[in-house]
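Remarks on the structure that follows.
The numbers here are math on the coordinates, done by the rules we state, and not lab data. Bear in mind the structure is a predicted one, so any value in this text is a computation, not a measurement. Note: ideal-geometry Cβ built from the backbone for every residue, glycine included; neighbour counts use all protein chains shown.
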Amino acid sequence: MFSRTLNRAAAAVGVSMLVVTAGGGATAVAQTTVQPQAVQGGVVTGGADGSPRTLMCPPEENVLSGGFALSAPAGRRLGTVPADLVQSRPTEDATGWVIAVRKDLAPDRRDRHAGHGGPADLTMWVVCTQGESTPSG
């Protein structure tokens, strides 16, 4: 009984290794056809005011996805109300990404009468195709 169980376990490990090895090879081939690259935009001071902002890919490249980060200037902090993502989408021609987000800073301690501390800073990223004019080749 012990040897039968051991043989089954060894067979299962062998099949698992075959699947992992075959899957890894297929993934490597797919990744060599389009090498995505991340492009980071600069920090837009007060950029989380809900206005649409666009970050473009390098020439002759198309966008695969986009994202953003919110931050507060030195000595300030983000407000407690969650961010409101108004839009996050590719441009019409798929050469850039559009982000519109609202997020306030916490009120400045020196100005207790202010309702909010103004919009947070915004940093955008896009992931673009590299060396390809369209994601599908």
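Of the peptides 90-100, 37-47, the order by per-residue mean of other Cβ atoms within 10 Å, starting with the highest, comes out as 90-100, 37-47.
Applying 1/(1 + (r/R0)^6) with R0 = 30 Å to the Cβ-Cβ distance of GLN40 and ASP84, what FRET efficiency is obtained, to the nearest 0.05?
Using R0 = 30 Å, I get an efficiency of 0.85.
Peptides 57-67, 76-86 ranked from most to least packed, by the mean per-residue count of other Cβ atoms within 10 Å: 57-67, 76-86.
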